[in-house]
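Student: One structure follows; several queries about it will come next.
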2 protein chains.
Amino acid sequence: MDQTPRYTPLAASLPASVPFVGPETQERASGRAFTARLGANESLFGPSPAAIAAMAQAASEVWMYGDPENHDLRAALAAHHGVRPDNIVVGEGIDGLLGYLVRLTVAPGDAVVTSDGAYPTFNFHVAGFGGVLHKVPYNGNHEDPEALLSCAAERRPKLVYIANPDNPMGSHHPGATIAAMLDHLPEGTLLVLDEAYIDLAPPGTAAVIAADDPRVIRLRTFSKGYGMAGLRVGYAIAAPGLISAFNKVRNHFGMGRIAQAGALAALRDQVWLAHVQAEVARARATLSQIATANGLTPLPSATNFVTMECGRDGDFARAVLRGLIARGIFARMPFVAPHDRCIRVSCGDAAALAAFAEALPAALAEARG
Amino acid sequence: MDQTPRYTPLAASLPASVPFVGPETQERASGRAFTARLGANESLFGPSPAAIAAMAQAASEVWMYGDPENHDLRAALAAHHGVRPDNIVVGEGIDGLLGYLVRLTVAPGDAVVTSDGAYPTFNFHVAGFGGVLHKVPYNGNHEDPEALLSCAAERRPKLVYIANPDNPMGSHHPGATIAAMLDHLPEGTLLVLDEAYIDLAPPGTAAVIAADDPRVIRLRTFSKGYGMAGLRVGYAIAAPGLISAFNKVRNHFGMGRIAQAGALAALRDQVWLAHVQAEVARARATLSQIATANGLTPLPSATNFVTMECGRDGDFARAVLRGLIARGIFARMPFVAPHDRCIRVSCGDAAALAAFAEALPAALAEARG
């Protein structure tokens with residue numbers, strides 16, 4: 001057995017497991033393309049046509065590195081949110097930014113608090129830097145601010161993670177509930193507020209928090225409402241000290257030229273975002289009808305997906321999911337009990353939802369049989 | 001002074017400095033766009049038209065996450081190099097891959113060996129994970145394999161970095177010289193072979209090394225010869241154990257859909273690469289003529305840039321560089337003495353080289369005056 005390279009003890013201890021298996025991996029395994037891609041909460045409604053045009057234009061300019069300061073995009077985001085550019089860092093999706101944030105704050109043995117069943121990629125990063133995760137249960141289908149705060153008071157963690165709206169359950173808290181958490185955080189604990197789905201949530205879901213508040217960092221993305229998951233552009237809003245700390249560790253030229261141009265054009269096309277919001281609302285209603293018609297219970301959603309209770313245990317829901325996948329429907333489900341009684345289906349266009357509606361009865365029958 | 005967040009001791013100790021200032025930052029400061037962009041070794045000859053078309057096509061599909069396994073691109077790269085897909089990891093440029101590699105291997109206090117004046121972003125990552133850099137001098141204008149090995153024998157580092165061809169001097173070693181280094185590495189030391197410029201080097205510069213050799217990792221990029229610096233696609237070739245270790249820490253969905261499609265199309269267009277190689281050879285000759293005509297000494301180059309000795313000390317070369325920048329020419333120079341007697345100018349098209357030729361005499365006169 002070779003001894004080269006010598007990994008760090010931490011790296012050697014990490015599992016080779018990955019947070020998510022991609023649909024392409026499943027397609028290669030089955031030898032068949034999915035009919036409907038409804039598993040990763042991508043936006044089947046696509047990006048703004050103006051953003052597509054901007055990306056196509058930028059393709060011919062891609063011989064140039066992107067601006068490492070992401071100046072124009074940060075300026076536009078700052079104007080959009082009524083904050084300053086030094087409140088904003090742009091990165092390779094929320095996933096990339098979470099990795100940098102954990103690296104900046106979590107040393108081996110440091111405590112971090114999250115909910116059991118919340119975003120696995122955050123957990124991947126915490127484990128990857130040797131942090132110790134403390135998980136509190138959801139309160140029903142909602143992440144539980146009181147439980148998170150109670151655990152934080154006990155553990156005094158570096159970070160407390162909450163997603164609002166939540167994934168995988170699709171629930172949300174009023175923004176005021178989130179804002180009220182800040183006054184109950186222990187000194188030195190940063191609230192990591194993942195707002196990936198905020199563009200699809202009801203008014204009032206975004207917490208009103210000063211961008212300079214040092215107790216919180218908010219994460220946003222162009223992957224969901226803006227429909228550009230494959231472009232890899234996320235950003236964070238926080239106090240300038242924390243924002244500038246990202247410069248100590250980030251991949252400075254990591255944001256490519258097409259990514260910056262596409263995100264900038266998408267941000268400018270708020271009419272398209274409103275169109276997507278309307279389509280998502282329509283698709284949520286359709287998905288809920290399909291679920292109900294098949295004896296499932298759709299949960300209220302503040303996101304671009306609908307989580308559906310299958311009415312039995314995790315094994316049953318996993319069988320339903322297998323049945324859907326076997327019928328060409330890419331869907332996913334919560335990993336953790338008791339949420340794993342559910343399946344999770346992304347909003348889609350009429351054709352994709354029709355394919356889901358067609359596949360579901362047989363998948364359910366098979367799972368029940 | 002607020003106490004939130006609490007950074008790790010390592011993060012708190014890191015400087016806020018960045019490896020490179022982008023040309024856009026300089027343009028914003030001066031209020032004027034550069035006439036010729038010859039500072040970052042970008043390819044002014046652009047990407048393959050087929051790659052541009054593939055990226056434009058992928059823009060409309062960017063609502064989908066990219067395949068987290070980068071399956072098709074890895075398969076194509078494996079075929080191109082005559083290795084297996086499990087010898088290849090794709091990442092967010094060589095910069096991103098270097099970050100992951102250092103994270104996997106370098107814990108605080110671990111030794112790493114490089115050359116004084118070699119790639120600063122590698123040093124940025126090593127410092128960022130608390131490694132201790134040991135630097136050996138160049139031998140003239142070449143990185144010095146014997147000095148690197150001698151230092152490695154003494155320090156028994158986790159990593160030894162060498163770039164072949166070299167940046168910023170443009171020199172190269174025969175591949176056989178690099179391959180011969182492997183047998184003299186200490187047990188447990190990994191050779192990090194940065195071949196970013198290999199596509200522009202003379203035949204024989206690429207070392208013949210088995211992909212499964214556990215003593216080395218080779219880094220390649222689509223940023224230079226393939227002309228897609230702003231797309232952020234690099235890859236590494238190494239033994240499967242090391243390649244799979246990247247899965248423990250990498251941003252699994254970090255490679256976007258446009259990036260994968262563009263790189264795949266670029267790789268397939270080797271005719272375009274040959275065209276770029278010819279243009280680069282022509283531009284190197286022109287740059288060398290311009291240098292000589294102005295009393296500078298161009299160094300032989302195995303890259304897409306020409307480093308030019310200005311004939312005096314670092315202060316003089318810095319003055320020449322300032323003069324070029326003031327005249328709309330984006331160029332750079334080596335950071336470290338004695339290399340900072342030079343300026344470094346990227347290959348460009350006829351218009352860019354003409355702009356450089358026009359600006360250089362005045363910049364030199366000003367610096368001499």
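Student: Which of the numbered conditions does residue A:232 fail, given that it passes all the others? Conditions: (1) at positive phi; (2) touching a strand residue (DSSP E or B) at 6+ places or on another chain (Cβ under 6 Å).
Tutor: (2)
Student: So if I check each of B:33, B:59, which one is more than 22 Å from the chain's Cα centre (by Cα) and crowded, with 22+ Cβ neighbours inside 10 Å?
Tutor: Only one candidate qualifies: B:59.
Student: Restricting attention to region B:32-54, does a residue exist that is over 27 Å from residue B:273 (Cβ atoms), of a type outside the set (S, T, N, Q) and outside the structural domain of residue B:355 (by TED's automatic domain parsing)? Give the steps one after another, and end with the answer.
Tutor: So in region B:32-54, the residues over 27 Å from residue B:273 (Cβ atoms) come out as B:32-33, B:35.
Narrowing the set further to residues that are of a type outside the set (S, T, N, Q) leaves B:32-33.
In the following step, the residues that additionally are outside the structural domain of residue B:355 (by TED's automatic domain parsing) were identified as none.
No; the residues of region B:32-54 include none that is over 27 Å from residue B:273 (Cβ atoms), of a type outside the set (S, T, N, Q) and outside the structural domain of residue B:355 (by TED's automatic domain parsing).
Student: If only one of A:352, A:331, A:357 is among the hydrophobic types (A, V, I, L, M, F, W, C) and over 21 Å from residue A:24 (Cβ atoms), which one is it?
Tutor: A:357
Here is a yes/no grid of residues against (1) surrounded by fewer than 24 Cβ atoms within 10 Å (Cβ to Cβ); (2) more than 7 Å from chain A (Cβ to nearest Cβ):
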| residue | (1), (2) |
| --- | --- |
| B:214 | yes, no |
| B:224 | no, yes |
| B:227 | no, no |
| B:240 | yes, yes |
| B:248 | yes, no |
| B:251 | no, no |
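Student: A further question follows. Please determine whether any residue of region B:241-250 is of a type outside the set (Ser, Thr, Tyr), over 16 Å from residue A:59 (Cα atoms), not assigned by TED's automatic domain parsing to the domain that holds residue B:39 and not in a helix (DSSP H, G or I).
Tutor: Looking only at region B:241-250, we keep the residues that are of a type outside the set (Ser, Thr, Tyr), and these are B:241-243, B:245-250.
Then keep just the ones that are over 16 Å from residue A:59 (Cα atoms); that gives B:241-243, B:245-250.
Still in the running and not assigned by TED's automatic domain parsing to the domain that holds residue B:39: B:241-243, B:245-250.
Still in the list and also not in a helix (DSSP H, G or I): B:249-250.
Checked against the condition, which is being of a type outside the set (Ser, Thr, Tyr), over 16 Å from residue A:59 (Cα atoms), not assigned by TED's automatic domain parsing to the domain that holds residue B:39 and not in a helix (DSSP H, G or I), region B:241-250 yields at least one hit.
Student: Within region A:310-342, restricting attention to residues that are among the charged types (D, E, K, R), more than 17 Å from residue A:353 (Cα to Cα) and surrounded by 18 or more Cβ atoms within 10 Å (Cβ to Cβ), which residue is farthest from the chain's Cα centre (by Cα)?
Tutor: Among them, the one singled out is A:341.
Student: Filter region A:21-30 for residues that are buried (at least 18 other Cβ atoms within 10 Å of the Cβ) and within 7 Å of chain B (Cβ to nearest Cβ); which is nearest to the chain's Cα centre (by Cα)?
Tutor: A:22
Student: I'd like the residue in region B:102-134 that is in a loop (DSSP other than H, G, I, E, B) and under 21 Å from residue A:128 (Cα atoms) and, out of all such residues, is nearest to the other protein chains (Cβ to nearest Cβ).
Tutor: Residue satisfying both the conditions and the ranking: B:107.
Student: Does residue B:363 count as without any contact (Cβ under 8 Å) to a residue 60 or more places away in the chain, touching a Lys or Arg at 6+ places or on another chain (Cβ under 7 Å) and surrounded by 20 or more Cβ atoms within 10 Å (Cβ to Cβ)? Please lay out each step first, then the result.
Tutor: Values: without any contact (Cβ under 8 Å) to a residue 60 or more places away in the chain: yes; touching a Lys or Arg at 6+ places or on another chain (Cβ under 7 Å): yes; surrounded by 20 or more Cβ atoms within 10 Å (Cβ to Cβ): yes.
Judged against the criteria, residue B:363 is a match.
Student: Okay, moving on. Could you check how many residues of region A:31-60 are at the interface with another protein chain (Cβ under 7 Å from one of its Cβ atoms) and under 21 Å from residue B:93 (Cβ atoms)?
Tutor: 3
Student: Taking the options A:40, A:79, A:50, A:16, name whichever one is exposed (fewer than 15 other Cβ atoms within 10 Å of the Cβ), at pLDDT 95 or above and among the hydrophobic types (A, V, I, L, M, F, W, C).
Tutor: Result of the check over A:40, A:79, A:50, A:16: A:79.
Student: Also: Just to be sure I understand the filter: pairs with C-beta atoms under 7 Å, separated by 6 or more residues or on different chains, first member in region A:252-276 and over 21 Å from residue B:255 (Cα atoms), second member among the small types (Gly, Ala, Ser) and outside any helix (DSSP H, G or I). Which pairs pass?
Tutor: These pairs meet every condition: A:269/A:48; A:272/A:48; A:273/A:225; A:276/A:43; A:276/A:225; A:276/A:227.
Student: Of all residues in region B:291-318, which are within 22 Å of residue B:165 (Cα to Cα) and in a helix (DSSP H, G or I)?
Tutor: Hit for region B:291-318 is B:291, nothing else.
Student: Where residues in region B:62-94 are in a helix (DSSP H, G or I) and at the interface with another protein chain (Cβ under 7 Å from one of its Cβ atoms), which of them is farthest from the chain's Cα centre (by Cα)?
Tutor: Step by step, filter region B:62-94, then rank; the result is B:71.
The values are calculated or read from the model by the stated rules, or taken from the named source; none is laboratory data. In this text, all values refer to a predicted model and were calculated from it rather than measured experimentally. Note that each Cβ is placed from the backbone with ideal geometry, even for glycine, and that neighbours are counted across all protein chains shown.
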